[in-house]
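Visitor: The structure's right below; bear with me while I get my questions together.
Read the figures in this text as sums done on the coordinates, not as results from a lab. The model shown is predicted, which means the values in this text are computed figures rather than measured ones. Cβ placement follows ideal geometry from the backbone for every residue including glycine, while neighbour counts extend to all protein chains displayed.
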Amino acid sequence: MSKGAFTKLPIVDIAPLVAGQKDRSGAVYFGRLAREVGFCYVTGHGIPDATFDGLLDASRRFFALPLAE
């Protein structure tokens, strides 16, 4: 797989890993994406919506800070 091979945002479902299943193909794929692409969309993580919303809010506030801060 070359870095230019992806034309869409890669999606990785980690639900089997969260559930403790032995199948590690998702982890292998995730690792490959991390090394070769650098980002992906992760589903099946089990993070509550409220936690995720808080993360988005914190990141918006962080990136809105003046550069000097």
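Visitor: I'd like the full set of residues that are assigned to a helix (DSSP H, G or I) and either surrounded by 10 or more Cβ atoms within 10 Å (Cβ to Cβ) or among the hydroxyl-bearing types (Ser, Thr, Tyr) (or both), limited to the stretch 36-55. If you could, list the steps in order and put the result at the bottom.
Guide: Going through the stretch 36-55, the residues assigned to a helix (DSSP H, G or I) turn out to be 36, 49-55.
Passing the criteria: 36, 51, 52, 53, 54, 55.
Visitor: What are the residue pairs meeting all of these: first residue in the stretch 43-63, first residue without any contact (Cβ under 8 Å) to a residue 60 or more places away in the chain, second residue among the hydrophobic types (A, V, I, L, M, F, W, C), Cβ atoms under 6 Å, and 6 or more apart or on different chains?
Guide: Hits for this filter: 44/14; 44/15; 45/14; 46/18.
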